[in-house]
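Have a look at the structure below, then the notes.
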Amino acid sequence: MDTEQEQSSMSVKEQFEELERVHDARSAVLEKLEENRELGQLLWQEQMGNFYSMMNLIPHQMHFDGFEYTQPELLHLHDYDDMAAMTEAYVQSLVPINSREHSLCLRYSHNQGFVLKEGFEFPFRHRLAYLQMTLDDGDVLQMPDVANGERETNDIVHRGDFYCYQGEFTADDPQPATVSAEFDAQLPANLIEFEFTAADVGETMEQDGYLVTLLEFEQGRYAIEIDAVEGQSMDFGSQDVLAEAVDEYGNYIAWRGTEREPLHRAQRIDNLLDDLFNRADQGTLDEATARSELINLRDTLKEEQGRKLFLSRAFNGSVDKALITLMVYSEDSEEVRRELELPVYNSPAPMAASEENLRALPQIPLTAPVYDGRIQLRTSVVELNEELLQQQMRMVQYQHAPGEGFAESEYSSHMSWFYPPVQSDFFLNKRDRAGGLHVLATFDFYDEQGEPVEALEPEETESNIEGTEGPESEARAYEYQHRKIEYPFMIGQLLFNPDQFTAQPASVKAKLPMIVAPNLIKDSYAKDDLPTGITLNGNQLMIDYAVFEPREIAEVTDEVTQRRNQVFVKDSHGYLAEIRKDTFFHPHLRRVAVDVYYFYGEPETVEIWYKGQTTLHEYEVELPLLSGDGIQAQ
């Protein structure tokens, strides 16, 4: 395989093709080694392992092709006074929910099953084992030991994120009462934070005896090396180092790939394999020599690395700062052990929203507060104004040769736009932001001299598809697409074929009318002063739309209809996370809904948000187009 410098000048397609070419050539050598099976088997194992290592490195080093935002990995730690308080909140957040909502349980128990809901993902070293379910008559159902690979017992089957019963419960049968569990955790003795920018490449920072060196810093990727001073332990597991990134506006960027070995390692092994295969083809290599040289190289690589930890992380976005957190565990680390009996919430079967039925709904015991982690709720930005829109809208341009790229696309060039998280996302679908008025969007293309170029009309060609008749239209020069969205923060994309214009376009001016919602209405009610039709009982909130009249509401006729209003609850610290929502309907009032929510913690305030009056911003941008295959973001 070519050197790293040679690879960097190759397109992604060329790199994959080169890997395949080398792999095929080496496979041909192996076919000649039938009489030397030990050597052939050794080389085959080494080639297959390193082939996939090299294959995985290509997408890791590729330019990102979309923007995606996320939350800090220790987001919930900042919601509490300390690690112990967060740990207690996590333990209390574990709620088994039993229902008939699990279609994958159909073959076992007619959709009956349960989920083990957790308020957030616990970020530190821990073990959580669910042991058994106890019914209200004292009988016990054994749960599979999922952590050790067990998927089912005679009583319960584990399917993805939920569990199915091996038989159906009827209303007359004993019902699930509790789930037994064990929770063990070790809390870090120290959290050490480092921050790097592109200017720090090659620099080493030291804190509390730990050394972090920034090896690489690309637009959407960085690599670090971690070491410690003599006498300092290096007890880090793969989850003990947080490698995060923010953009220039402080938005956290979601990561898309991680490598934990130096990127040159696979290349050096490949170089040795190249030599070994050549000698094997010439008949000048035996198995013992090949094994010895491979062992020596791995020993050399291990010695060069020493105890240093390498980590390279790739992100879906432009990295402005690399944020590293070392979670240091030691003999001073606090250990937590709990044996738990978790009360099961038995979700009621579909029923009429009569006063009697609503009064008989089961309760979920009060828990410690867990705060809503949705990025749209944690941001203080309601909506982008025209200035922020011009600054923070992101774009990725992707161009590929015919026959490559998006398999279903008839366009060779793609230009996609991405919108950062804002509160109005609760009301405006990403597709509608720039898609609701997409017919008003304009795109003007220009050549290198700045002169306009025109789109060619599609030519009518006779279809050559067997069994069809009549003309078939070729691809248009360009189109704006807002319905087929491939990323969670994408709002639309311009698709075009540069060869479908009167001259090769070198730039494009785009005007996108953007629907925005800067006027959110947030009605707030104290728990002791709720409007008629809204009741709050501990952590249970009930909204009866036959009585309560919101400012805006869609006609709700089923459980999945999207409300035009958004419901939140708060305590003195922030917005509380939802445990569960059930919807029931009045039988004689055109199926008017009653929504019943359960929250972590104890709400003090109810807020109902409405979209309010929307308005229009015009996003204007002039962009140079790629002159060849590749990806570019800005």
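Just a few scattered comments:
- Test result for Glu479, assigned to a strand (DSSP E or B) and modelled with pLDDT under 90: yes
- In summary, Arg125 fulfils each of the numbered conditions (1) closer than 18 Å to Val95 by Cα; (2) in contact with a Phe, Trp or Tyr (Cβ under 9 Å, 6 or more places away or on another chain) with the single exception of condition (1).
- The sole residue among Leu285, Leu294, Leu276 that is in a helix (DSSP H, G or I), in contact (Cβ under 8 Å) with a residue 60 or more places away in the chain and crowded, with 20+ Cβ neighbours inside 10 Å is Leu276.
- The set of residues in segment 353-372 that are small (Gly, Ala, Ser) and surrounded by 15 or more Cβ atoms within 10 Å (Cβ to Cβ) comprises Ala353, Ala368.
- Odd one out for Met55 among (1) open to solvent by 20 Å² or more (accessible area, probe 1.4 Å); (2) in a loop (DSSP other than H, G, I, E, B): (2)
- Scanning segment 297-341 for residues being surrounded by fewer than 18 Cβ atoms within 10 Å (Cβ to Cβ), closer than 21 Å to Glu206 by Cβ and aliphatic (A, V, I, L, M) gives a total of 1.
- Filter pass, Ile375 being open to solvent by less than 20 Å² (accessible area, probe 1.4 Å) and at pLDDT 90 or above: no
- Selection status of Leu42, of a type in the set (A, V, I, L, M, F, W, C), farther than 15 Å from Ala266 by Cα, modelled with pLDDT under 90 and assigned to a helix (DSSP H, G or I): no
- Of the strands (runs of 3 or more DSSP E) entirely within segment 128-211, those holding at least 2 residues that are of a type in the set (Gly, Ala, Ser) occupy 176-186.
- Scanning segment 60-69 for residues that are open to solvent by 10 Å² or more (accessible area, probe 1.4 Å) and under 30 Å from Glu334 (Cα atoms) turns up nothing.
- The condition (being in contact (Cβ under 8 Å) with a residue 60 or more places away in the chain, more than 30 Å from Leu377 (Cβ to Cβ), hydrophobic (A, V, I, L, M, F, W, C) and open to solvent by less than 40 Å² (accessible area, probe 1.4 Å)) is satisfied by just one residue among Leu30, Leu39: Leu39.
- Any strands (runs of 3 or more DSSP E) falling wholly within segment 575-626 and containing at least 2 residues that are modelled with pLDDT under 95 and open to solvent by 50 Å² or more (accessible area, probe 1.4 Å): 615-624
The values are calculated or read from the model by the stated rules, or taken from the named source; none is laboratory data. Model, not experiment: these values are computed from the prediction. Glycine gets a Cβ as well: all are built from the backbone with ideal geometry, and neighbour counts include every protein chain shown. Ligands, DNA and RNA are stripped out before the accessible areas are found, and what is left, the full protein with its side chains, is counted by its heavy atoms. Shrake-Rupley method; radii C 1.70, N 1.55, O 1.52, S 1.80 Å.
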